[in-house]
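What follows is a short report on a single structure.
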Amino acid sequence: MGGLIPRLRRLAIALAVLACRQPGHQPRALVVVDDAGDSVQVLVPATRVVSLIPASTELLFAIGAGPALVGRTAWCNFPPEAAAVPDLGAGINPNLEAVISQRPDLVILYNSAQHAGVAARLRDLGIPALRINTDALADVPRVGALLGRLTGHARGADSLRAVFDTALASATRDHASSPGPTVLLLVWEQPPMTIGRGSFLSELVERAGGENLFADVETSSGPVSIEAVSVRDPDLILTTADGPASFANRPEWQVVRAVRERRFLSVSGSEYDRPGPRSPGAIRALSARLRQVAR
């Protein structure tokens, strides 16, 4: 009996998912390999999708698959239409009961080790769960194409790729012709934390014409000392906090020339938090700001 009840639960969920599919859709099994290296079988087109990554939620709407969304995270705040999708809470360590209650036929999770158990539990219940990377601009057309295949919106994904690639090339500045200002990407004040080469925000700054002061940090972020910042002497300090930065008035930071001269650049908005269709526009806006502040 111990194994019978879980099997009956998986069968009930599978039958509920099939009952929710729109008439006329002929689902077929598609095996995909997610970014964690797991082979996952999905019945496509998926028509009840839970997206637990803000970037994948934005992409689903961009390719025309927004109507398939039945669950999102509290951080999925773009496009505005996402507000109408049920909020299932956090994307990290998600509420499994809330996810399962939406009877999804596909769940999108961020590719992290802590989601391995979540994905395995969902699959054990008969719910396909994918762990995917959404960390770089190159992930935008790649993940868009995957979501297009899984939701039956491959044509929308193809259009997204064409528009995105053209806009990205147009927005990117040529460093060789005019080297830009060096920029400290300060994302945490106490202790000071900077963005490294592995971050999406670093890619935005580089494409906008700036040079990441700590591009030699290969990880997405890492601690730095004020002394190291002073020695490297950035032209600008970029922060992602709204309002004035509190560190600017601290005595220990006055050894940094950019702090003394108040050469700050603050950016805000979810387009600076995640790679997506809005990234080329964010690069153009950042490029204009960099040129203006660096004068």
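Does Ser287 count as in contact (Cβ under 8 Å) with a residue 40 or more places away in the chain and either closer than 30 Å to Glu58 by Cα or in a loop (DSSP other than H, G, I, E, B) (or both)?
Numbers: in contact (Cβ under 8 Å) with a residue 40 or more places away in the chain: yes; either closer than 30 Å to Glu58 by Cα or in a loop (DSSP other than H, G, I, E, B) (or both): yes.
Criteria met by Ser287.
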Search result, residues across the range 135-165 that are crowded, with 22+ Cβ neighbours inside 10 Å, within 14 Å of the chain's Cα centre (by Cα) and among the small types (Gly, Ala, Ser) = Gly144
Considering Arg103, Arg121, which residue is free of Cβ contacts under 8 Å to residues at least 40 places away in the same chain and of a type in the set (D, E, K, R)?
-> Arg121
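Closer than 21 Å to Pro179 by Cα and either hydrophobic (A, V, I, L, M, F, W, C) or under 28 Å from the mean Cα position of the chain (by Cα) (or both): which single residue out of Phe247, Phe264 fits that description? Show your work before the answer.
Working: Phe247 fails: closer than 21 Å to Pro179 by Cα.
Testing whether each residue is closer than 21 Å to Pro179 by Cα and either hydrophobic (A, V, I, L, M, F, W, C) or under 28 Å from the mean Cα position of the chain (by Cα) (or both) leaves just Phe264.
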Quick one: Thr57 ticks every box in (1) part of a helix (DSSP H, G or I); (2) farther than 14 Å from Asp273 by Cβ except a single one, so which number is it?
-> (2)
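Given Pro45, Pro23, Pro54, which one is modelled with pLDDT under 50, of a type outside the set (Lys, Arg) and assigned by TED's automatic domain parsing to the domain that holds Arg142? Step through it out loud before you land on a result.
On the way: Pro45 fails: modelled with pLDDT under 50; Pro54 fails: modelled with pLDDT under 50.
Exactly one residue qualifies, and that residue is Pro23.
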Checked the range 227-285 for anything among the acidic types (Asp, Glu) and farther than 13 Å from Leu201 by Cβ; matches are Glu227, Asp233, Asp235, Asp242, Glu252, Glu261
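The values are calculated or read from the model by the stated rules, or taken from the named source; none is laboratory data. Because the structure is a prediction, the values reported are computed rather than measured. We place every Cβ from the backbone using ideal geometry, glycine too, and count neighbours over all the protein chains shown.
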